[in-house]
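Report on one structure; see the data block that follows.
Bear in mind these aren't lab numbers, they're just calculated from the coordinates by the rules spelled out. These figures come from a predicted structure and were not determined experimentally.
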Amino acid sequence: MSAPLRLAINGYGRIGRCVLRALAESSYRDTLRVVAINEPADLESMAYLTRFDSTHGVFPGTVEAGEGSLRVNGADIRVFHASRPADVPWAELQADLLLECSGRFATRAQLQGFLDAGCARLLVSNPGRGASEVDCTIVYGINDQLLQAGQTLVSAASCTTNAIVPVLDLLDRHLGVQSAFLTTLHSVMNDQPMIDGYHHSDLRRTRSAMQSIVPVSTGLALGVERLLPQLAGRIQAKAVRVPILNVSAIDLTVNLGKPTSVEALNALCTEAAARQPGLLACTRQPHASIDFNHNPHSAIIDLGQTRVNNSHFANLMVWFDNEWGFANRMLDISARWGDLFRSPADPRA
């Protein structure tokens, strides 16, 4: 049996902690292993917030603060508290892959600092500022065949991109997407204050996150076009933050090239979900957002909300757990990439 792929995490916030938690609950727990975490926060706080989570509940195992380590289910994970990539002995850790989950590094020049400091390769939890900033951007289940062993900088895109690209790809292949408008209803994020305050240059984001629906800027349209270049110029998007802790939705309005009906569109989505059971799901139940908390799928299509007007104009509702689904896709990409770059000659393979 091959030795586990050695992972490190930089940035132990919402996504970093969800990655560790998701690994503990996934089928990858015997093939992927977190060996190091770099996070500026103190170790006791890291252990506490790993053990207890307001969104995802109590950790399904044991978590303790050790001597310079986080002990999870009896295994020690080395912990560093550096603010610069160069201040962590990445080469010494012999990590096969670093998951950059801080969100602070978006350009190739910034990410290069990790490689220069001894990291072998990086999987980034944001889409970067442009296609040239990384070797490739992957939405698992759509274009993961683009992963190559020799790549060093790969983006896992964003939670919203992972949710909507599989749906748009499906519609375009079968019905032809002439144009589409995406409205993301996103749960609050940590760039918003609990009460009004001077937290952001975007004045809307200075308002209390838990008292208002807040329109925010979004790069989702560009992210979609990067993954589905045939739709360039056909996608528009906007986003609003809604006062809930987790789970988001995308209201998709699309002009189709071929005629369809509610029944035909729902059948198409249901068949696609059956082909990708871990990524895409469908439901006919009368759900509210909380029902999708801790759901590992990239997207769940609410079939009861499907609408079609004049056979070419359609509307779909797509739910997704913006934390848990995305964390699971980072693990999927890590495992797939690891299969490529760990050759039989690698003594750890």
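Here are some notes:
- For segment 5-134, the spread of Cα coordinates along the three principal axes comes to 40, 28, 28 Å, biggest extent given first.
- Entry for segment 226-349 at q = 0.13, 0.14, 0.18, 0.23 Å⁻¹: log10 I(q)/I(0) = -0.67, -0.75, -1.10, -1.43, Debye formula applied to identical alpha-carbon scatterers, no solvent contribution.
- Taking the convex hull of Cα positions in the chain, its mean projected area over all directions (nm²): 18.0
- Here the Debye sum runs over all C-alpha atoms of segment 222-279 as equal scatterers in vacuum, and log10 of I(q)/I(0) at q = 0.12, 0.13, 0.31 Å⁻¹ comes out as -0.47, -0.56, -1.13.
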